[in-house]
Amino acid sequence: MSTTLELIQDFLAQKRIAFIGVSRDKSDFSRGLFRELCNQGYDVVPVNPEAPEIEGRFCFAQVQSIVPPVDGALLMTSPELTDRVVRDCAEAGITRVWLYRGLGAGAVSDSAIGFCQANGITVVPGFCPYMFLPKTPLVHRAHGFVMKLSGGYPE
């Protein structure tokens with residue numbers, strides 16, 4: 001079994017990622033993370049059934065519609081939606097899923113984690129990708145540092 005840090009590194013080694021739940025609101029945290037992933041060279045595919053486009057990119061209503069397929073999916077959904085969305089990811093053949101968590105529950109749900117594990121989907125159960133990307137703003141590096149000091153950083 002891989003460690004959480006190895007799962008994170010494997011996920012971030014992928015280049016084409018679906019971003020499920022990215023907000024229509026340009027000032028939302030998810031949009032900043034979306035832009036950062038794009039700036040770092042990722043081919044980020046937005047998924048939001050309420051948006052025709054995000055940051056100038058065509059936005060898919062559901063992950064199963066994405067062509068060509070993605071290497072992984074980052075979920076910034078409510079835990080209530082996450083259970084359905086991981087099933088959508090399985091249907092789309094996605095084998096890597098990151099359930100975002102910053103403050104609160106984020107996209108993490110025990111049932112979604114269990115579904116992923118039972119269906120051969122590698123799952124990162126929490127954490128914010130900002131903490132693991134190179135050259136991110138100081139506040140995100142500080143967040144990672146505080147988590148290391150408190151013992152909450154993945155091993």
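The values are calculated or read from the model by the stated rules, or taken from the named source; none is laboratory data. None of these values were measured; they are calculated from a predicted model. Please note: Cβ atoms are built from the backbone with ideal geometry, for glycine as well, and neighbour counts cover all protein chains shown.
Each row is one residue, and each column tells you yes or no for (1) part of a helix (DSSP H, G or I); (2) within 16 Å of the chain's Cα centre (by Cα); (3) surrounded by fewer than 17 Cβ atoms within 10 Å (Cβ to Cβ).
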{"residue": "D10", "(1), (2), (3)": "yes, yes, yes"}
{"residue": "S27", "(1), (2), (3)": "no, no, yes"}
{"residue": "G32", "(1), (2), (3)": "yes, yes, yes"}
{"residue": "L37", "(1), (2), (3)": "yes, yes, no"}
{"residue": "P46", "(1), (2), (3)": "no, yes, no"}
{"residue": "V85", "(1), (2), (3)": "yes, yes, no"}
{"residue": "A107", "(1), (2), (3)": "no, yes, no"}
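Which residues, counting only those in region 109-128, are within 18 Å of M76 (Cβ to Cβ) and assigned to a loop (DSSP other than H, G, I, E, B)?
Result: S109, I121, G126, F127, C128.
Please give the number of the condition T77 fails out of (1) at pLDDT below 95; (2) not in a loop (DSSP other than H, G, I, E, B).
That leaves (2) as the condition not met.
In region 63-74, what residues are in a loop (DSSP other than H, G, I, E, B) and either surrounded by 15 or more Cβ atoms within 10 Å (Cβ to Cβ) or touching a Phe, Trp or Tyr at 6+ places or on another chain (Cβ under 8 Å) (or both)?
Matches in region 63-74: I66, V70, D71.
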